[in-house]
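What follows is a single structure, written as structure tokens, with notes after it.
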Amino acid sequence: MYLEADRARTRQLSLETEEKPRFLITIDTEGDDQWRNTQNAPTKNSRFIPRFHELCEEFHLKPTYLTNYEMACCPEFRQLGRSVLRYKTGEVGMHLHAWNSPPIDHLTSSACQHGMLLTQCSEEKMRNKVAYMTALLEDTFGIKPRSHRAGRWAFNERYAAALAEYGYQVDCSVTPGICWETEGGYRGWGPDYRSFRSEPYWLDLSNIAGEGHSPLLEVPVTIIRHRSWRWIGLTGVRRALNHFLPERTWLRPNGRNLKDMQRVLERCIRDDRAHAQLMLHSSELMPGGSPLFESEKQIARLYEHLRLLFTQVVGSFQPATLSDFYSWWRSKSS
């Protein structure tokens, strides 16, 4: 009788886990303050990542560290990444900054200043950079990287095809509702994701906004749209309104938006979404590593907010890396 009860409980727990949305944490693991340092960025923030990972382990969460060139070469992060993989407490994927990721050629001063996007490169140069970073991660961490996010969110069909060619399974570069030509300042360069969907989908390699049959899964960053101020012609007025009543909310800590992020999680549950994806930059875990978190006090507030947010996650979501999510989604799709 007890054995049958145990089996029934196991089946029920399995069903509950299957039905829960997945909670993903994606970390752009890169050099210090990439908003200002695009060339030869130091990697001091690598010493601050273990504190964050310990917090994730406390809540049984599994971050995906999307790693760029200088961090893949950083001894401190190499040690942490190998430990994360050894104990299966997270994942190491790829994050590519075209301006400093080999092979390197002559860059214009403008490209150095603003950070050249990989989508600006020729197809040959793009493939060479993807191949180099993939091999570096394989050699450094002893794994075949499966997950990816584009530097500066710059993603297109050529890029998606290169990722599929090199065996990547899941991308998380899409920011639904965002046009980076205007919001990122990349006039004529940045991607426009305003027509992209919010839920995961198999990419059409000929049109990354559409669903297709490629082996590459897109898992968009979680951004909730609330309202639109586009009908207001005055830019200054729109900015002021956005400060007090934002058009949209990212699941991305900035030190002032705990309640907004908590509402995003509630919305994900209410809308029966498949996932909620929180993103951070590794340099945001270090005082002075980013414009948002300049002081120890601001870092303390970040961790206070993360702890409260993670407390809300427990029980309502199933923790997953990007590769875990890929496997789950594929099983649901078959």
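Laboratory data are not the source of any read-out in this text; all were calculated from the coordinates shown. Here the structure is a predicted model, which means the values were calculated and not measured. Note: ideal-geometry Cβ built from the backbone for every residue, glycine included; neighbour counts use all protein chains shown.
The Arg267 and Ser195 beta-carbon pair, evaluated with R₀ = 25 Å, returns a calculated FRET efficiency of approximately 0.75.
Computed extension gain for Glu296 through Arg47, at 0.36 nm per residue and net of the alpha carbon distance, reaches 88.2 nm. The label point for Glu211 and the one for Gln312, both projected 7 Å from the Cα toward the Cβ, are 2.8 nm apart.
Packing, as the average of other Cβ atoms within 10 Å across residues, places the peptides 45-56, 171-182 in the order 171-182, 45-56, highest first. Overall, the anisotropy analysis places the stretch 24-333 in the rounded class: the square-rooted eigenvalues a ≥ b ≥ c of its C-alpha gyration tensor yield a/c less than 1.5.
Sparse packing (at most 12 other Cβ atoms within 10 Å of the Cβ) combined with a DSSP loop state is found for the following trypsin sites (Lys or Arg not before Pro) in the stretch 245-316: Arg256.
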